[in-house]
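The values are calculated or read from the model by the stated rules, or taken from the named source; none is laboratory data. A quick note: this is a predicted structure, and the numbers were derived from the prediction, not measured. Quick reminder, even Gly has a Cβ in these numbers, built from the backbone with ideal geometry, and neighbours come from all protein chains shown. Remember, those area values only see protein heavy atoms, side chains included, never the ligands or the DNA or RNA. Shrake-Rupley method; radii C 1.70, N 1.55, O 1.52, S 1.80 Å.
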Amino acid sequence: DVFSTVIAPRDKNSSAIDWRALEDDALEYIAADLPDVVRDRCIRTVRALGLHFGALDVIERPDGEFVFLEINPNGQW
């Protein structure tokens with residue numbers, strides 16, 4: 001299963017580059033659907049590494065391209 005979430009500043013005019021620099025109450029978490037090809041690549045990455053779980057950080061560029069950043073053993077809940 002793949003569960004994807006967009007983490008974004010509530011203030012759309014925020015100049016923050018990294019959401020981790022903001023306080024929790026300044027963020028919103030939005031359930032999202034990844035394109036099938038991106039979802040499949042996430043699954044293949046976790047399987048290729050022999051993992052049962054992985055929290056993958058992926059960003060979507062303004063041009064719509066998805067970029068893999070890293071895989072973590074635990075997500076930030």
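So, in the stretch 34-66, of the ones that are at pLDDT below 95 and among the charged types (D, E, K, R), which residue ends up surrounded by the fewest Cβ atoms within 10 Å (Cβ to Cβ)? The qualifying residue surrounded by the fewest Cβ atoms within 10 Å (Cβ to Cβ) is 61.
Let me confirm something: among 31, 16, 21, 26, which residue is more than 13 Å from the chain's Cα centre (by Cα) and open to solvent by 50 Å² or more (accessible area, probe 1.4 Å)?
Working: 31 fails: more than 13 Å from the chain's Cα centre (by Cα); 16 fails: open to solvent by 50 Å² or more (accessible area, probe 1.4 Å); 26 fails: open to solvent by 50 Å² or more (accessible area, probe 1.4 Å).
Residue meeting the stated conditions: 21.
Scanning the stretch 27-70 for residues that are part of a helix (DSSP H, G or I) and among the aliphatic types (A, V, I, L, M) gives 37, 38, 43, 46, 48. Of the residues that sit in the stretch 1-13 and are polar (S, T, N, Q) and in contact (Cβ under 8 Å) with a residue 12 or more places away in the chain, which one is surrounded by the most Cβ atoms within 10 Å (Cβ to Cβ)? Checking each candidate, the answer is 4.
Screening residue 75 with (1) among the small types (Gly, Ala, Ser); (2) modelled with pLDDT of 95 or more; (3) surrounded by 10 or more Cβ atoms within 10 Å (Cβ to Cβ) gives one miss only, at (2). Listed by first and then second residue, the pairs with beta-carbon distance under 7 Å, at least 6 apart or on different chains, first residue in the stretch 16-43 and of a type outside the set (A, V, I, L, M, F, W, C), second open to solvent by 70 Å² or more (accessible area, probe 1.4 Å), are 28/10; 29/5.
Could you tell me how many of the residues in the stretch 24-77 are polar (S, T, N, Q) and either in contact with a Cys (Cβ under 7 Å, 6 or more places away or on another chain) or closer than 16 Å to residue 8 by Cβ (or both)? Don't jump to the end; show me each part of the working.
Taking the stretch 24-77 and keeping what is polar (S, T, N, Q), we get 45, 72, 74, 76.
From what is left, the residues that are either in contact with a Cys (Cβ under 7 Å, 6 or more places away or on another chain) or closer than 16 Å to residue 8 by Cβ (or both) are 76.
Qualifying residue count for the region: 1.
Name every residue in the stretch 36-48 that is closer than 24 Å to residue 17 by Cβ and of a type outside the set (Val, Ile, Thr), in order of residue number. Result: 42, single match.
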